[in-house]
Structure formats: structure tokens, C-alpha cells
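Undergrad: Supplied in C-alpha cells, the structure appears directly below.
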Amino acid sequence: MLVEYLGVFIGLWLVLATIVIQQIVLVRVHRSQKGYKVGVIDPSLGQSSLFFRAHRTFWNSMENIVPLMGFSIIAIITDYNPQRLTNIVWIYAVMRIIHMILYYAIVTDKNPSPRSIFFIIGFGTTFYLMIDLLIHLVNL
């Protein structure tokens with residue numbers, strides 16, 4: 001059974017590895033700040049600060065991984081279609097990587113921004129999984 005979900009596991013590994021990389025970037029950028037203090041974030045920082053964007057990118061990923069990970073675990077345990085779950089997880093993983101790159105690169109207060117497109121697609125995959133998984137569970 002677990003072999004059927006290998007693509008899912010590799011995709012989830014990629015999502016988690018992306019978050020670890022985001023954390024490394026965040027710590028490095030934070031420590032390079034003038035007047036660095038552990039755990040202190042200057043509330044006046046905005047989009048022009050790479051530290052601000054790295055912080056927002058990391059926490060956005062932390063907030064968004066919880067539902068996807070939870071739904072993925074339920075899906076695997078209940079024998080949800082492995083190929084469909086693999087597709088969902090990989091779309092999510094790629095969208096999160098593009099979102100991260102754009103968040104680091106684009107300095108804008110404009111909303112929506114180009115990174116919003118990739119956030120919405122990633123979020124949409126989680127929402128799709130939530131609904132499709134419910135249908136799967138009801139039909140067990």
C-alpha cells in the first residue's frame with residue numbers, strides 16, 4: 001500500500017524541505033539585520049525588507065502545510081486514489097516553491113500580486129482535496 005503513495009511521500013518531503021529552506025533563509029536574513037535581537041521583529045518593517053518577506057513566506061508556509069498534511073494523512077489511511085493524491089501534492093509543492101521565489105523577489109504592497117496567483121492555486125489544491133476527500137469518506 002505505501003509503495004502506491006511513494007509519489008505523495010516524495011511530494012510531501014519536497015514541501016517540508018521547502019519550509020526548512022525558508023527557515024534557513026529567515027534565520028540568516030534575520031541575523032544580518034542591524035541591531036539584531038533574538039526573537040524581535042521590528043513592527044515598522046514592510047515589503048521593502050527582505051527579512052519581512054522571508055518571515056511572511058515562512059509563516060505563510062507553516063499555516064498552509066497543516067491542512068494539506070492532515071488531509072493527506074487521512075487520504076492515505078483511507079486508501080484515497082494514490083495518483084490523484086500525488087497530483088494534488090505535487091501541484092501544491094510546485095506552487096509553494098514558485099510562491100516562495102516570487103515572495104523573495106517581488107517588493108510590492110499591491111494585492112493581489114503575481115505571487116498571489118500561485119498562493120491561490122496551492123490553496124485551491126488543498127480545498128479540492130478537502131472536498132474530494134469528504135466525498136471519498138462518505139462513500140466508504
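The values are calculated or read from the model by the stated rules, or taken from the named source; none is laboratory data. Values in this document were obtained by computation on a predicted structure and should not be read as measured data. Cβ placement follows ideal geometry from the backbone for every residue including glycine, while neighbour counts extend to all protein chains displayed. Calculation scope for accessible area: heavy atoms of the full protein, side chains included, ligands and nucleic acids excluded. Shrake-Rupley method; radii C 1.70, N 1.55, O 1.52, S 1.80 Å.
Undergrad: Within region 106-140, count every residue that is open to solvent by less than 80 Å² (accessible area, probe 1.4 Å) and either in contact with a strand residue (DSSP E or B) (Cβ under 6 Å, 6 or more places away or on another chain) or assigned to a helix (DSSP H, G or I) (or both).
TA: Final tally of qualifying residues: 17.
Undergrad: While we're looking at this one, here's another question. Out of region 1-51, which residues are open to solvent by less than 40 Å² (accessible area, probe 1.4 Å), of a type outside the set (Gly, Ala, Ser) and not in a helix (DSSP H, G or I)?
TA: Matches in region 1-51: 47 only.
Undergrad: Checking residue 103 against (1) in a helix (DSSP H, G or I); (2) without any contact (Cβ under 8 Å) to a residue 40 or more places away in the chain; (3) among the hydroxyl-bearing types (Ser, Thr, Tyr): exactly one of these is not met. Which one?
TA: Unmet for residue 103, out of (1) in a helix (DSSP H, G or I); (2) without any contact (Cβ under 8 Å) to a residue 40 or more places away in the chain; (3) among the hydroxyl-bearing types (Ser, Thr, Tyr): (2).
Undergrad: Here's a check for you: in region 58-75, which residue that is β-branched (Val, Ile, Thr) and open to solvent by 20 Å² or more (accessible area, probe 1.4 Å) is farthest from the chain's Cα centre (by Cα)?
TA: By that ranking, first place goes to 74.
Undergrad: For residue 118, state whether it is out of contact with any Ser or Thr (no Cβ under 8 Å at 6 or more places or on another chain), modelled with pLDDT of 95 or more and within 22 Å of residue 51 (Cα to Cα).
TA: Here the answer is yes, as residue 118 does meet what is asked.
Undergrad: Next question. Residues to consider are 88, 77, 73; find the one that is under 30 Å from residue 134 (Cβ atoms), among the β-branched types (Val, Ile, Thr) and touching a helix residue (DSSP H, G or I) at 6+ places or on another chain (Cβ under 6 Å).
TA: Of the residues listed, the single one that is under 30 Å from residue 134 (Cβ atoms), among the β-branched types (Val, Ile, Thr) and touching a helix residue (DSSP H, G or I) at 6+ places or on another chain (Cβ under 6 Å) is 88.
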